[in-house]
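First up is the structure itself, then whatever we jot down about it.
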Amino acid sequence: MNSDLQDYSHKRLNILTGEWVLVSPHRAKRPWQGQNETTSKEVRPSYDESCYLCAGNKRINGEQNPDYKDVFIFTNDFAALQNDSKHFVVKEGLIEARGEQGICKVICFSPDHSKSLAEMKVEDIQKVVLAWQKEYMDLGTIEGINYVQIFENKGAIMGCSNPHPHGQIWSQSSLPNEVEKKDKQQRNYYNKNKSSLLGDYLSQESVLQERIIFENDAFVVLVPFWAIWPFEAMIVPKKWQPNIAVMDAKDSMLFSEAISVLTKAYDRLFNVSFPYSSGIHQSPTNGKENKHWHWHMSFYPPLLRSATVKKFMVGYEMFGSPQRDITVEVASKMIRENIIK
Ligand SMILES: [Zn+2]
């Protein structure tokens, strides 16, 4: 590896978005004088009568959850997008807006209020993955739905209001910003090289082995070269797949294993239920072939150097570019050392 990357300030290119991240490895050595809260080791019950996601409980709109046994999905009672929202365009000089339609769902990963994905069995995670596949296909076939965003916000630090293990599925008529960038970058690369941008990147990483955390027959877990968050990671299928719908049963099991290995290692890293936002970026459901897409799942955890010290995206990051101190190579080594063998 080029040692300059560990010693001197530099910027790294995110090939998926075309954006740069500033890296300042020399700063990782400075003493910390900021926030240092104590952790509260919270032990949750497996059922909480005040939780609106637990089985049998009433939600805020008065609807009662069924007595579900594994995965439970419902349309968000307070959805950010509505499918019957008006179609309209405002274009008056430099003032521009468009109506946006969509369907937002909530997916409970388990009826057990106390569990996170890290604590669930691989076969139970697979039930979640199968549900994601079904939702991607079902929502994607609805007229006017051109993109399905699957994501999870885990932990109060991430603004997650309910600790019950759950994620969200937002589907909408247009591509959100992050997806639009990745769509463009992957398409440009495919048109030029007739191969997958991420596939070619994986080939390079598998030779270097510096940033790979874990791999099985179908997936690689790695900290991407351009990661912004201190312990950011990405799960990428080895095969060139545009979206999660094309995974067979073996793939979905191996994907679940990758999720399990990574989230378990995260929990051990700072001895805390590791907070993060995770999400799957995949091909739009616009009825086109989308050959340039290679789907992947990203994890963006906010923790910096302990269970209580978090990274803030402020100042230069708001006005300039994202910036990190600890290098991706150091972070990947730290996560790798916490994998349960
Ligand atoms: Zn609950």
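The values are calculated or read from the model by the stated rules, or taken from the named source; none is laboratory data. In this text, all values refer to a predicted model and were calculated from it rather than measured experimentally. With ideal geometry, Cβ positions are generated from the backbone for all residues, glycine too; neighbour counts draw on all protein chains shown. Note: areas computed on protein heavy atoms with side chains; ligands, DNA, RNA excluded. Shrake-Rupley method; radii C 1.70, N 1.55, O 1.52, S 1.80 Å.
Every condition in (1) open to solvent by 70 Å² or more (accessible area, probe 1.4 Å); (2) within 16 Å of the ligand (Cβ to nearest atom); (3) at pLDDT 90 or above holds for Thr75 except the one numbered (2).
Is it true that Leu222 is within 18 Å of His292 (Cβ to Cβ), at pLDDT 95 or above and aliphatic (A, V, I, L, M)? Write out each step before concluding.
Working: within 18 Å of His292 (Cβ to Cβ): no; at pLDDT 95 or above: yes; aliphatic (A, V, I, L, M): yes.
So Leu222 does not fit the description; no.
Does Asn162 qualify as being within 16 Å of the ligand (Cβ to nearest atom), assigned to a loop (DSSP other than H, G, I, E, B) and either in contact (Cβ under 8 Å) with a residue 24 or more places away in the chain or over 17 Å from Phe74 (Cα atoms) (or both)? Yes, satisfied. I need the full set of residues from segment 139-159 which are in contact with a Ser or Thr (Cβ under 7 Å, 6 or more places away or on another chain) and part of a helix (DSSP H, G or I), in order please. Within segment 139-159, Leu139, Gly140, Met158 meet the criteria.
Among the residues making up segment 207-228, a single one is assigned to a loop (DSSP other than H, G, I, E, B), more than 13 Å from Glu329 (Cα to Cα) and of a type in the set (A, V, I, L, M, F, W, C): Ala218. Taken together, Lys58, Lys86 contain a single residue that is open to solvent by 90 Å² or more (accessible area, probe 1.4 Å), over 20 Å from Ser260 (Cα atoms) and within 14 Å of the ligand (Cβ to nearest atom), which is Lys58.
Every listed requirement among (1) of a type in the set (Val, Ile, Thr); (2) open to solvent by 40 Å² or more (accessible area, probe 1.4 Å); (3) away from the ligand (no atom under 16 Å from the Cβ) is met by Ile103 save one, (2). Quick one: how many residues across segment 16-55 are open to solvent by less than 100 Å² (accessible area, probe 1.4 Å) and at pLDDT 80 or above? Result for segment 16-55: 21. Among the residues in segment 126-142, are any within 16 Å of the ligand (Cβ to nearest atom) and open to solvent by less than 50 Å² (accessible area, probe 1.4 Å)? Yes: one or more hits.
Within segment 233-250, the only residue that satisfies the criterion of being part of a helix (DSSP H, G or I) and open to solvent by less than 10 Å² (accessible area, probe 1.4 Å) is Ile244. Across segment 73-99, what is the total count of residues that are touching a residue at least 60 places away in the same chain (Cβ under 8 Å) and more than 20 Å from Pro165 (Cα to Cα)? Here the count works out to 4.
Of the residues making up segment 236-244, none is under 30 Å from Arg305 (Cβ atoms), free of Cβ contacts under 8 Å to residues at least 60 places away in the same chain and either small (Gly, Ala, Ser) or out of contact with any Pro (no Cβ under 9 Å at 6 or more places or on another chain) (or both). Exactly one of (1) open to solvent by less than 20 Å² (accessible area, probe 1.4 Å); (2) away from the ligand (no atom under 16 Å from the Cβ); (3) touching an Asp or Glu at 6+ places or on another chain (Cβ under 7 Å) is unmet by Leu198. Its number? Tallying (1) open to solvent by less than 20 Å² (accessible area, probe 1.4 Å); (2) away from the ligand (no atom under 16 Å from the Cβ); (3) touching an Asp or Glu at 6+ places or on another chain (Cβ under 7 Å), Leu198 fails exactly one: (3). Scanning segment 221-254 for residues that are acidic (Asp, Glu) and in contact with a strand residue (DSSP E or B) (Cβ under 9 Å, 6 or more places away or on another chain) yields Glu232, Asp251.
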